[in-house]
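Data block below; observations after.
The values are calculated or read from the model by the stated rules, or taken from the named source; none is laboratory data. If you're wondering where the values come from, they're calculated on a predicted model, not measured in any experiment. Ideal geometry is used to build each Cβ from the backbone, glycine not excepted, and the neighbour counts take in all protein chains shown. In case anyone asks, the SASA skips ligands and DNA or RNA and just uses the protein heavy atoms, side chains included. Shrake-Rupley method; radii C 1.70, N 1.55, O 1.52, S 1.80 Å.
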Amino acid sequence: MTIYEVFLKRDGLAEFRHVGSIEAATDELASVLARECYLRRSEGDRLWLVRRSDVIDPDDGVLFLPATRARRLLDGWDDPPVATAPMPDRLDPDRPDPGRSDHAGRSDDAGDRDQASVGAED
Amino acid sequence: MPRRRWTSPGHFASFLDAGGLVEVDDEMPDPYRRAAFRLVVRHANGELLAALADRDWVAKAPGLRLKMVALARAQDELGHARSLYRVAADLGGGTDGRLLDDLVAGRGRPAEGILRRSGDWAERVVVDHLADSAALAVQRSIATRCSYGPYRRALLAMLPEEEAHVAVGLTRLQRAALGTPRQRLAIQAAVDRRWQPLLASFGPDDAAEDDELQRWRLIAEPNAAVRDRWVAQTVPLLDELGLSTPERDVAVGAEADAEVARLIDEAAGRRQRTAWVRRAMARPADPWVDQVAPVSAGAGAGGRR
């Protein structure tokens, strides 16, 4: 007897979801039993059966975002820039990029260095 | 490899108190595993026995529509039993087949599902609705707070189907209870005979076991609390149909508990239980199902067989 994990896609844009497991002697019997157990009311439009022994179950190191990868969350910096100078009436032709140096505190470059110094590289 | 482990009983208890869900590959404490296993196996046995009882009525139900209802219910209940046996087998480290062997051999706890066996069609009508609504009350209660994830998910998946069973059962009960005088008398007699077994189907008032299951957050409240709430909902419903219940004026108290315990012993006694289960499971199918032969048209509508 083999244990199969049962995945069902409800319909349309729904994703496959694990709905339970069944125990059967052959793939064909597993299909019939999965139908009778989990699809009696046509609860889905696709069915996957996966032998439990074939399921890859990685450990927590793979699952959880390490602290050194916090930058991937892209949720900004904890000290946002503060406007210190009034909005100029027009662009000064001698300063092609006025916004960068107007940031209070550190620049974008400094932020990148901070993140990189925390831990490992990608 | 265990997914999670808890360093101390206190750590596990606070995880449960915070509403944590235990999963199959967690390293749960052994007493928790045993308690969850017993709870799920008992439910699985109940579903299987209900399916067998329904199957027996496929041939005998009066009319094609009622045969189809019995067949559909049996299929639902077999599906529930099968998914619950899988949850239990994963907990107990065994196979589905071994759990069935245990049931047939009479090992483990008496299955309250035995109380679903019913004598005549009137009892069937009464039991189909009331036993299902009783089971639904229990399952809803467990599904609100059960700490074992796979069981809780299985419960949530089967609740809509149980609700459908209760609804179709209520229609049948209403039709019979508001039918001809003969039907109404038959239904009242069936309620009189089945009321105590129905109360017994909630399980005995076993404080020690309730406490253990509650401590593990496997059940949300003791058997007696679910039963009393069900009685409070069901008596007015039967009242509307002009049906009286034997316990009308007596609260479900200590003497009623003793009666319930006696009924469980009597109806789910080891010898009788195993004999019925063994016979029911040994018979592959009703001859009627094999031959697809017409059943004698002698069965009347509603309350008569």
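Just to verify a number: what accessible area does residue A:84 come out at with the full protein assembly present, 1.4 Å probe, Å² rounded to tens?
So the heavy atoms of residue A:84 present about 110 Å² to solvent.
For labels at residue A:68 and residue A:90 in the simple 7 Å Cα→Cβ model, what's the distance in nm?
Using points 7 Å along Cα→Cβ, the separation is 5.2 nm.
Let a ≥ b ≥ c be the square roots of the eigenvalues of the Cα gyration tensor of region A:1-61; is it rounded (a/c under 1.5), or, if not, prolate (a/b larger than b/c) or oblate?
Verdict is oblate for region A:1-61.
Counting only protein heavy atoms, probe 1.4 Å: which residues of region B:73-93 lose 30 Å² or more of accessible surface in the full assembly compared with their chain by itself?
B:75, B:76, B:79, B:82, B:83, B:86, B:90
Using DSSP to define loop residues, name the GluC sites (Glu not before Pro) in region B:1-106 whose beta-carbon has at most 16 other beta-carbon atoms within 10 Å.
Counting only loop positions with at most 16 other Cβ atoms within 10 Å, the GluC sites (Glu not before Pro) in region B:1-106 are B:23.
Please report the carbon-and-sulfur percent of the accessible area for region B:146-187; probe 1.4 Å, protein heavy atoms only, DNA, RNA and ligands left out.
So the carbon and sulfur contribution to the accessible surface is 62 percent.
Over region A:53-98, with every protein chain in place, what whole percent of the accessible area is carbon and sulfur at 1.4 Å, could you tell me?
60 percent
Where in region B:150-164 does accessible area fall by at least 20 Å² between the isolated chain and the complete protein assembly, at a 1.4 Å probe radius?
Flagged in region B:150-164: B:161.
With equal scatterers on the alpha carbons only and no solvent term, can you work out the Debye log10 of I(q)/I(0) for region B:160-222 at 0.11, 0.13, 0.29 1/Å?
Calculated log10 I(q)/I(0) at the listed q: -0.45, -0.59, -1.10.
Taking only protein heavy atoms and a 1.4 Å probe, what accessible area per residue, in Å², does region B:21-178 have with all protein chains in place?
34 Å²
If you look at just the Cα atoms of region B:24-160, how large are its Rg and its Dmax in Å?
In order Rg, Dmax, the Cα atoms of region B:24-160 give 15.6, 52 Å.
Could you give the length gained by full extension between residue A:43 and residue A:11, i.e. 0.36 nm per residue of separation minus their alpha carbon distance, to one decimal place?
So the chain would gain 10.7 nm between residue A:43 and residue A:11.
If one takes the accessible area of chain B alone plus chain A alone and subtracts that of the pair, with a 1.4 Å probe, what total in Å², rounded to the nearest 100, results?
1300 Å²
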